[in-house]
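The values are calculated or read from the model by the stated rules, or taken from the named source; none is laboratory data. Here the structure is a predicted model, which means the values were calculated and not measured. Every residue, glycine as well, gets a Cβ built from its backbone with ideal geometry; the counts of neighbours run over all protein chains shown.
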Amino acid sequence: MAESFILTVPGLQEEQVFEAQLQVYGYSHRIVVHIENEAIGFEPDEEGNYRAVLLEEGKRLNIDKALLQAIAIQLEKDLKQQGH
């Protein structure tokens with residue numbers, strides 16, 4: 001079951017807001033963030049940092065890498081604030 005929430009990411013010029021869902025499976029999880037009408041997964045790596053993962057194999061997206069990095073950093077910050 002996915003738990004939906006709103007993710008707010010501070011930007012260089014303005015805040016950006018994205019719809020997201022937490023998907024828990026086994027001992028891990030993925031956060032799916034909707035960016036420009038595309039669903040991008042963010043999964044924790046071995047160090048607990050988030051990395052962007054395409055959910056559709058073979059698909060190419062033209063999303064700014066700096067935006068993906070900013071989202072990953074915000075997810076890490078939010079998780080630390082919640083004490084996880």
Scan region 9-34 residue by residue and report those that are surrounded by 10 or more Cβ atoms within 10 Å (Cβ to Cβ) and either of a type in the set (Asp, Glu) or farther than 23 Å from LYS80 by Cα (or both). GLU19
Out of region 54-66, which residues are modelled with pLDDT under 90 and either of a type in the set (Gly, Ala, Ser) or within 20 Å of LEU79 (Cβ to Cβ) (or both)? GLY58
Do you know which of the residues in region 1-48 that are among the aromatic types (Phe, Trp, Tyr) and at pLDDT 90 or above is farthest from ASN62 (Cα to Cα)? PHE5
Please work out which residue is surrounded by the most Cβ atoms within 10 Å (Cβ to Cβ), limiting yourself to region 35-81 and to residues that are of a type outside the set (Asp, Glu) and touching a residue at least 60 places away in the same chain (Cβ under 8 Å). ILE71
